[in-house]
1. At SER80 and LEU95, where each label point lies 7 Å from the Cα along Cα→Cβ, what is the point-to-point distance in nanometres?
2. Whole-Hz ³J(HN,Hα) for each residue in the stretch 48-65, computed from phi via Karplus 6.51 cos²θ - 1.76 cosθ + 1.60 with θ = phi - 60°, x for glycine and proline: what do you get?
3. Which residues' amide hydrogens lie under 5 Å from the amide hydrogen of LEU38, considering only partners 5 or more residues apart or on another chain, with H built in the peptide plane?
4. Hey, what do the phi angles of the stretch 85-94 turn into as Karplus ³J(HN,Hα) couplings, whole Hz, using 6.51/-1.76/1.60 and θ = phi - 60°, x for Gly and Pro?
Amino acid sequence: WGRLCLLLSLLLQLPGSQAKCYFEAKAPCEYEGKQFFLGESWLSANCLLCTCLHPIGVGCCETTQHPIDFPDWCEAHYDSQTCQISVVQKANPSLPCVKSLEHEWGLPAPP
């Protein structure tokens, strides 16, 4: 049990991350028909990194970093194919949100 508790605590403390983590007691260590054993991990279709904690359950953590500090003229876009979040311009989402002479970070957007 000591190793299981250590593994769970490490899973819930991903370094450099403020990702949300979840634990499901008694959940089977199975994903897409494949059986996983204690300590083995898999990436789910919704970008959760899950670890088998058999026999006590499964622990999963988000793999994406959620941006929290960007200008009002930008927005966060989530790509479920790559499990990445990028910050893009609201006016033209094909362009990244970058500091420029026209838009200074920390200043209100022009009218």
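1. Inter-label distance under the simple model: 2.9 nm.
2. With the stated coefficients, the stretch 48-65 comes to 9, 8, 10, 10, 6, 10, 3, x, 8, x, 10, x, 10, 10, 5, 9, 9, 8 Hz.
3. Answer set, sorted by chain and number: HIS54.
4. Rounded to whole hertz, the list is 10, 10, 9, 10, 6, 5, 5, 8, x, 7.
Each value in this text was obtained by applying a stated rule to the coordinates, not by laboratory testing. What you see is a predicted model, and the numbers here were worked out from it, not measured in a lab. Positions of Cβ are generated from backbone atoms using ideal geometry, with glycine treated the same way; all protein chains shown enter the neighbour counts.
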